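The next block holds one structure in the form of structure tokens; read it before the comments.
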Amino acid sequence: MNIGIIGTGNIAAYLLEQVNGKKLADGRVLAVFGRNREVGTHLGDKFGIAFYTDLEKFLEEPLDIVVEASTMEAAALYLEDVVAHKKDLVVSSIGVFKDAGFLEQVKELAGTSGTQIFLPSGAIGGLDVLQSARASGGLEHVEITTRKSPESLGLEASEERVLFEGSAFDAVEKFPKNVNVALVLAIAGIGAEKTLVRVIVDPAIEKNSHTIRAEGDFGRMQLQVENNPMPDNPKTSLLAALSILAVLQNRNQAVRIGN
């Protein structure tokens, strides 16, 4: 499996170390696309891969799947081109699908191109439960409380306080770099307008946490995840990078667990 990565940040570097370090037996990253020439050139030299600042040239590589590991703004620009070139796609900046119409547009293009789009679970779990619970339309309530350290939010805070309480739709607008988890939860469940989000800054914690609650015909679910940060970036959970790696590891498996 030939892999390409859009982005030159911490997640891209982590995937290069893991995948090209043989944590993926049947895959290798061939190329990276990005705008930061200095960092991209360094990654290219370090891992012996091609680095591109031209998307068309990047997509001319014989890639089977492309991992978007950049920003919402970049994802909005590049996703359709990737799918149009008949490459499978892993999207990490899931906030780009705040506009449900854009998600449907990309899905329709993927259907025409015969490609698959993967939305990793990121820093949370429980998505299979939500998808199963909504299968007959009986999923009634979904909420997520995200508790983060001031450092991970780039803030200064001396005491715990609620920064946001509202819909996932509005949360993505206010915290675009921090609540991808809220939107993937909404996509798996009852939608961005109905999914409730609470964001709390807490100077007493060292690990970011997400508590998910759901109710419906299936019963009740409560799940809490405490995330270790990536070693080089406290704003990104290690589990977010691991969830992308898991997608790549499971893509060609004969047996898949969950939905």
Q: Determine if region 147-165 includes at least one residue that is modelled with pLDDT under 95 and touching a Ser or Thr at 6+ places or on another chain (Cβ under 7 Å).
A: yes
Q) Given 68, 73, which one is of a type in the set (Asp, Glu) and touching a helix residue (DSSP H, G or I) at 6+ places or on another chain (Cβ under 6 Å)? A) 68
Q | Given (1) open to solvent by 30 Å² or more (accessible area, probe 1.4 Å); (2) without any contact (Cβ under 8 Å) to a residue 40 or more places away in the chain; (3) within 18 Å of the chain's Cα centre (by Cα), number of the condition residue 89 does not satisfy | A | (1)
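Rundown of residues vs (1) at pLDDT 85 or above; (2) within 27 Å of residue 100 (Cα to Cα); (3) in a loop (DSSP other than H, G, I, E, B), yes/no style:
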site	(1), (2), (3)
171	yes, yes, no
198	yes, yes, no
210	yes, yes, no
223	yes, yes, no
249	yes, no, no
259	no, yes, yes
Q: Would you list the helices (runs of 4 or more DSSP H) that sit entirely within region 100-163 and hold 3 or more residues that are touching a strand residue (DSSP E or B) at 6+ places or on another chain (Cβ under 7 Å) and surrounded by 19 or more Cβ atoms within 10 Å (Cβ to Cβ)?
A: 127-133
Q) Among the residues of region 53-86 satisfying the criterion of being part of a loop (DSSP other than H, G, I, E, B) and of a type in the set (Gly, Ala, Ser), which is surrounded by the most Cβ atoms within 10 Å (Cβ to Cβ)? A) 69
Q.
Checking the structure you have, find out if any residue of region 179-186 is open to solvent by less than 30 Å² (accessible area, probe 1.4 Å) and part of a loop (DSSP other than H, G, I, E, B).
A. yes
Q | Enumeration of residues in region 1-29 that are surrounded by fewer than 23 Cβ atoms within 10 Å (Cβ to Cβ) and in a strand (DSSP E or B) | A | 2, 28
Q) Inside region 137-176, can you point out the residues that are at positive phi and charged (D, E, K, R)? A) none
Q. List the pairs whose first member sits in region 132-152 and is farther than 14 Å from residue 166 by Cα, whose second member is part of a helix (DSSP H, G or I), and whose Cβ atoms are under 7 Å apart, counting only residues at least 6 apart or on separate chains?
A. 139/130; 139/133
Q: May I ask you to verify whether residue 43 is under 24 Å from residue 243 (Cα atoms) and assigned to a helix (DSSP H, G or I)?
A: yes
Q. Residues in region 224-236: is at least one over 21 Å from residue 94 (Cα atoms) and open to solvent by 20 Å² or more (accessible area, probe 1.4 Å)?
A. yes
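The values are calculated or read from the model by the stated rules, or taken from the named source; none is laboratory data. Keep in mind the model is a prediction, meaning the values are calculated, not measured. We place every Cβ from the backbone using ideal geometry, glycine too, and count neighbours over all the protein chains shown. Keep in mind that these areas ignore ligands, DNA and RNA; they rest on the heavy atoms of the full protein, side chains included. Shrake-Rupley method; radii C 1.70, N 1.55, O 1.52, S 1.80 Å.
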